[in-house]
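Trainee: The structure that follows is given in the form of C-alpha coordinates.
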Amino acid sequence: MRESGTVTPDRKLVGDVVDALLDRQALNRVQFAKQNGMSRPTLYRAIAGDASVTQRVLRRLESGLSLPYDTLTYVSLHDWESLEEVGVPADLVRWIQRRAESTTEG
(Lines give C-alpha, C1' and ligand atoms only; values in the text may rest on other atoms or scores of the structure.)
Protein backbone atom coordinates (compact mmCIF):
# COMPACT_ATOMS: atom_id res chain seq x y z
CA MET A 1 0.00 0.00 0.00
CA ARG A 2 2.49 2.64 1.18
CA GLU A 3 0.64 5.64 -0.17
CA SER A 4 0.96 9.18 1.00
CA GLY A 5 -2.02 10.99 2.42
CA THR A 6 -4.47 10.15 5.11
CA VAL A 7 -5.59 6.56 5.42
CA THR A 8 -8.49 5.57 7.63
CA PRO A 9 -7.59 2.37 9.47
CA ASP A 10 -9.92 -0.51 8.64
CA ARG A 11 -10.68 -1.76 12.14
CA LYS A 12 -13.56 -3.90 10.85
CA LEU A 13 -11.04 -5.94 8.85
CA VAL A 14 -8.86 -6.23 11.96
CA GLY A 15 -11.87 -7.57 13.84
CA ASP A 16 -12.62 -10.07 11.08
CA VAL A 17 -9.03 -11.33 11.16
CA VAL A 18 -9.00 -11.62 14.96
CA ASP A 19 -12.36 -13.40 14.92
CA ALA A 20 -11.22 -15.92 12.30
CA LEU A 21 -7.95 -16.62 14.10
CA LEU A 22 -9.70 -17.02 17.44
CA ASP A 23 -11.80 -19.77 15.87
CA ARG A 24 -8.55 -21.71 15.40
CA GLN A 25 -7.55 -21.39 19.06
CA ALA A 26 -7.92 -24.16 21.62
CA LEU A 27 -9.22 -21.57 24.13
CA ASN A 28 -12.65 -20.05 24.01
CA ARG A 29 -12.89 -16.26 23.77
CA VAL A 30 -13.32 -15.73 27.53
CA GLN A 31 -10.27 -17.88 28.29
CA PHE A 32 -8.27 -16.17 25.54
CA ALA A 33 -9.09 -12.70 26.89
CA LYS A 34 -8.16 -13.64 30.44
CA GLN A 35 -4.93 -15.36 29.39
CA ASN A 36 -3.89 -12.33 27.34
CA GLY A 37 -4.61 -9.66 29.95
CA MET A 38 -7.76 -8.09 28.59
CA SER A 39 -11.40 -8.08 29.54
CA ARG A 40 -14.01 -10.00 27.58
CA PRO A 41 -15.75 -6.74 26.57
CA THR A 42 -12.45 -5.38 25.24
CA LEU A 43 -11.92 -8.51 23.17
CA TYR A 44 -15.43 -8.25 21.77
CA ARG A 45 -14.89 -4.55 20.94
CA ALA A 46 -11.78 -5.55 18.99
CA ILE A 47 -13.73 -8.23 17.12
CA ALA A 48 -16.46 -5.69 16.34
CA GLY A 49 -13.89 -3.32 14.83
CA ASP A 50 -14.28 -0.62 17.47
CA ALA A 51 -11.82 2.20 16.78
CA SER A 52 -11.44 2.86 20.52
CA VAL A 53 -9.42 -0.35 20.97
CA THR A 54 -5.88 0.73 21.82
CA GLN A 55 -2.60 -0.26 20.20
CA ARG A 56 -1.72 -1.96 23.49
CA VAL A 57 -4.70 -4.28 23.08
CA LEU A 58 -3.77 -4.93 19.46
CA ARG A 59 -0.27 -5.92 20.62
CA ARG A 60 -1.74 -8.33 23.16
CA LEU A 61 -3.94 -9.82 20.45
CA GLU A 62 -0.94 -10.24 18.15
CA SER A 63 1.01 -11.94 20.90
CA GLY A 64 -1.85 -14.23 21.91
CA LEU A 65 -2.50 -15.18 18.28
CA SER A 66 1.24 -15.71 17.61
CA LEU A 67 1.29 -12.98 14.97
CA PRO A 68 4.36 -10.86 14.19
CA TYR A 69 4.55 -7.40 15.75
CA ASP A 70 2.53 -4.78 13.80
CA THR A 71 0.47 -7.38 11.92
CA LEU A 72 -2.85 -5.88 12.95
CA THR A 73 -1.66 -2.36 12.18
CA TYR A 74 -0.70 -3.45 8.67
CA VAL A 75 -4.02 -5.25 8.29
CA SER A 76 -5.87 -2.06 9.23
CA LEU A 77 -3.91 -0.12 6.61
CA HIS A 78 -4.32 -2.79 3.90
CA ASP A 79 -0.51 -2.90 3.68
CA TRP A 80 -0.13 -6.36 2.18
CA GLU A 81 3.54 -5.91 1.32
CA SER A 82 4.46 -5.15 4.93
CA LEU A 83 2.46 -8.15 6.14
CA GLU A 84 4.63 -10.36 3.98
CA GLU A 85 7.79 -8.56 5.10
CA VAL A 86 7.08 -9.14 8.81
CA GLY A 87 6.50 -12.84 8.18
CA VAL A 88 2.73 -13.30 8.08
CA PRO A 89 2.09 -16.56 6.20
CA ALA A 90 1.26 -15.97 2.53
CA ASP A 91 -2.00 -17.94 2.74
CA LEU A 92 -3.19 -15.72 5.60
CA VAL A 93 -2.23 -12.56 3.68
CA ARG A 94 -4.22 -13.80 0.67
CA TRP A 95 -7.23 -14.56 2.90
CA ILE A 96 -7.05 -11.08 4.43
CA GLN A 97 -6.82 -9.48 0.98
CA ARG A 98 -9.84 -11.42 -0.27
CA ARG A 99 -11.77 -10.47 2.87
CA ALA A 100 -10.91 -6.79 2.36
CA GLU A 101 -12.03 -6.93 -1.27
CA SER A 102 -15.30 -8.66 -0.41
CA THR A 103 -16.21 -6.08 2.22
CA THR A 104 -15.52 -3.15 -0.10
CA GLU A 105 -17.57 -4.65 -2.95
CA GLY A 106 -20.76 -5.09 -0.94
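Trainee: Counting alpha carbon pairs within less than 8 Å and at least 6 residues apart, what relative contact order, in whole percent, applies to the range 26-106?
Mentor: Contact order relative to length: 17 percent.
Trainee: What angle do you read, to the nearest 10 degrees and between 0 and 90, between the alpha-carbon axis of helix 55-64 and the longest principal axis of the chain?
Mentor: The angle comes out at about 70 degrees.
Trainee: If you don't mind, there's one more thing I want to ask. Could you tell me the accessible area of R94 in Å² (1.4 Å probe, neighbours in place), rounded to the nearest ten?
Mentor: 120
Trainee: If you don't mind, another one. Which of S63, S82, S52 moves the most in a Gaussian network model of the chain with Cα springs under 10 Å?
Mentor: S52
Trainee: Next up: How would Y74, Y69, Y44 line up by accessible area, probe 1.4 Å, largest first?
Mentor: The residues order as Y69, Y44, Y74, largest area first.
Trainee: As I understand it, the dipole of the range 2-106 uses +1 on the Cβ of Lys and Arg and -1 on the Cβ of Asp and Glu, about the Cα centre. Which of P68, S102, A90 lies farthest toward its positive end?
Mentor: Checked the options; the winner is P68.
Trainee: By how many degrees, 0 to 90 and rounded to 10, does the Cα axis of helix 11-22 deviate from the longest principal axis of the chain?
Mentor: Roughly 50 degrees between the two axes.
Trainee: Pick from L67, L83, L92: which residue has the top mean-square fluctuation in a GNM of the chain where Cα pairs under 10 Å get a spring?
Mentor: Among L67, L83, L92, the largest GNM mean-square fluctuation belongs to L92.
Trainee: Hey, another quick one. For the chain, what does -39500 (n - 2.57) per DSSP helix run (n ≥ 4), summed and divided by total residues, give at 222 nm, in deg cm²/dmol to the nearest 500?
Mentor: When only DSSP H runs of four or more count, the value is -18500 deg cm²/dmol.
The values are calculated or read from the model by the stated rules, or taken from the named source; none is laboratory data. Only a predicted model underlies this, so the values are computations on that prediction, with no experimental measurement involved. Methodologically, a virtual Cβ is constructed for each residue, glycine included, from the backbone with ideal geometry; neighbour enumeration extends over all protein chains shown. Surface accessibility is based on the protein's heavy atoms, side chains included, excluding ligands, DNA and RNA. Shrake-Rupley method; radii C 1.70, N 1.55, O 1.52, S 1.80 Å.
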